[in-house]
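The values are calculated or read from the model by the stated rules, or taken from the named source; none is laboratory data. Small disclaimer: the values here were computed from a predicted structure and weren't measured. Please note: Cβ atoms are built from the backbone with ideal geometry, for glycine as well, and neighbour counts cover all protein chains shown. Surface areas here come from the heavy atoms of the whole protein model, side chains and all, with no ligands, DNA or RNA. Shrake-Rupley method; radii C 1.70, N 1.55, O 1.52, S 1.80 Å.
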Amino acid sequence: MGAQNAEKLHAMSHAKRTTRSIRVGRLTIGGGPIAVQSMAATRTQDLVATRRQIELLEAAGADLIRIAIDSKADVEALAILCQATEVPLSVDLQENYRLAEAVAPYVQKVRYNPGHLHHHEKSKTAREKAHWLAGVAREHNLALRIGCNAGSLAPEYLERHGHDNVSALVEQAVDHCGYLDEVGFENYLVSIKDSDPRLVIEANQRFAAARPDVPLHLGVTEAGMPPDGIIKTRIAFEQLIAQGIGDTIRVSLTVPFENKGLEIQVGREILADIEAGRFRSVPKGFFDGLNIIACPSCSRVENEKFIELAEDVKRATAYAAEHDITIAVMGCRVNGPGETDDADLGLWCGPTTVNLKKGPETIGSYSYDTILPALMAEVEKLVPQ
Ligand code: SF4
């Protein structure tokens, strides 16, 4: 490699991040080193299991740990769990953003999903709800993340942009930045996630061009099981970080609970490789063939058999590796229905049954013992054995 290319590579691997800095307790995000974070995959009210998640992530060197909160009972559990670590904590609020005030004393950051604000207080606008969240965050010295996800876009953006997820995601994120700016709240960052790394790259590039001042949390959502989940994530991170885009990262992997620390380890490895200019090219055809999308699990997982089911699906469909079909395996109703809409075949889990879908059409609901044969019957219609 000529000197010129080596210099270019060095410049790319040291691309300057120009975003403003935000405070998340003792952690600074933006304008400096990239923070590596992850999320507990277990039910928040299962104190033993979730404390173990925190322990594993802290031991792996997490800069920030996120916990999902959906109810007052989750908040009570959080009040205990937050004493288990010195690592800054963040909570993930979906439909129940109104719990922001209740969780505030126990954490340093709140992630809200603009795509799930419409479920409650229907008389209020998204702008009013964002203003309220900013007020709570300011009062308790918290940071906010505007967490946009292709599997849960707000209805008005879906209507406006149809299948153009990138435009819908970017517009939704920019609008919510405007809502927080309007009330002079600046301690926030944004994430824009899709399960396709190519769309993650495009969306974050477009957002960074529109709002170069706002720090970005990077992630490929539902990237799935290793090694594919790691490769998909690396593709997006290499492209974006080499352009100076990205201030904190989360590697979403579907792994057994005891391996949760792998997300941090992989994140640090990818950053170290980029820093050293070790970029991995994307093998031709990588995006061809069977694509399994699976979420990393969190407190909302309806049944802990979910991870085993995802691994069984991967094993059972291996014979179809050369065929361009996408199968989504999701742990619950939050991103399950949306993410499975765009897949050829999709599973989203309930407490005792699993919903099988073909694109947006629901085929049926099956027990955890009968879902795999039901899925395989559909796969074999697409790819005869
Ligand atoms: S789909 Fe549900 S269980 Fe899976 S990570 Fe998302 S919210 Fe959690």
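So, in segment 276-307, how many residues would count as being more than 14 Å from the ligand (Cβ to nearest atom) and not in a strand (DSSP E or B)?
Selection size over segment 276-307: 15.
When Glu304 is evaluated against the numbered criteria (1) surrounded by fewer than 16 Cβ atoms within 10 Å (Cβ to Cβ); (2) at pLDDT below 90, which criterion, by number, is the only one it fails?
Glu304 satisfies every listed condition except (1).
So Ala321 passes all but one of these: (1) surrounded by fewer than 14 Cβ atoms within 10 Å (Cβ to Cβ); (2) touching a strand residue (DSSP E or B) at 6+ places or on another chain (Cβ under 8 Å). Which condition number does it fail?
So Ala321 meets the others, but not (2).
Assess whether Glu339 counts as being within 15 Å of the ligand (Cβ to nearest atom), in contact with a helix residue (DSSP H, G or I) (Cβ under 9 Å, 6 or more places away or on another chain) and in a loop (DSSP other than H, G, I, E, B).
Values: within 15 Å of the ligand (Cβ to nearest atom): yes; in contact with a helix residue (DSSP H, G or I) (Cβ under 9 Å, 6 or more places away or on another chain): yes; in a loop (DSSP other than H, G, I, E, B): no.
No: the conditions fail for Glu339.
Scan segment 226-238 and tell me whether some residue there is within 16 Å of the ligand (Cβ to nearest atom), outside the structural domain of Asn355 (by TED's automatic domain parsing) and not hydroxyl-bearing (Ser, Thr, Tyr).
So far as segment 226-238 goes, yes, one or more of its residues are within 16 Å of the ligand (Cβ to nearest atom), outside the structural domain of Asn355 (by TED's automatic domain parsing) and not hydroxyl-bearing (Ser, Thr, Tyr).
Given the criterion more than 19 Å from Val383 (Cβ to Cβ), exposed (fewer than 15 other Cβ atoms within 10 Å of the Cβ) and out of contact with any Leu (no Cβ under 8 Å at 6 or more places or on another chain), identify the matching residue among Pro337, Pro351. First the steps, then the outcome.
Values: Pro337 fails: exposed (fewer than 15 other Cβ atoms within 10 Å of the Cβ).
The unique qualifying residue is Pro351.
With respect to the numbered conditions (1) modelled with pLDDT of 95 or more; (2) β-branched (Val, Ile, Thr); (3) within 16 Å of the ligand (Cβ to nearest atom), which one is the sole condition not fulfilled by Val379?
(3)
Only one of (1) open to solvent by 10 Å² or more (accessible area, probe 1.4 Å); (2) modelled with pLDDT of 95 or more; (3) part of a loop (DSSP other than H, G, I, E, B) fails for Val220. Which number is that?
(1)
Taking the criterion of being within 30 Å of Ser71 (Cβ to Cβ), in contact with a Phe, Trp or Tyr (Cβ under 8 Å, 6 or more places away or on another chain), at pLDDT 95 or above and of a type in the set (A, V, I, L, M, F, W, C), would at least one residue in segment 330-343 satisfy it?
No: segment 330-343 contains no residue that is within 30 Å of Ser71 (Cβ to Cβ), in contact with a Phe, Trp or Tyr (Cβ under 8 Å, 6 or more places away or on another chain), at pLDDT 95 or above and of a type in the set (A, V, I, L, M, F, W, C).
Over 22 Å from Glu263 (Cβ atoms), within 16 Å of the ligand (Cβ to nearest atom) and of a type outside the set (Phe, Trp, Tyr), is that true of Glu95?
yes
How about segment 232-275: which of its residues are assigned to a loop (DSSP other than H, G, I, E, B), in contact with a strand residue (DSSP E or B) (Cβ under 9 Å, 6 or more places away or on another chain) and closer than 16 Å to Val200 by Cβ?
Correct list: Ile245, Gly246, Asp247, Val251, Ser252, Leu253.
Could you check segment 353-370 and list, in sequence order, the residues that are in a loop (DSSP other than H, G, I, E, B) and in contact with a strand residue (DSSP E or B) (Cβ under 7 Å, 6 or more places away or on another chain)?
Tyr368
Mind listing just one residue for me: the one in segment 121-151 that is open to solvent by less than 60 Å² (accessible area, probe 1.4 Å) and of a type outside the set (A, V, I, L, M) and, of those, farthest from Ala223 (Cα to Cα)?
Checking each candidate, the answer is Gly135.
Give the residues of segment 308-336 that are in a strand (DSSP E or B) and not polar (S, T, N, Q), sorted by residue number.
Within segment 308-336, Ile327, Ala328, Val329, Met330 meet the criteria.
Here are some residues: Val329, Val313, Val251, Val334. Which one is within 16 Å of the ligand (Cβ to nearest atom), in the same structural domain as Ile65 (by TED's automatic domain parsing) and of a type in the set (A, V, I, L, M)?
Val251
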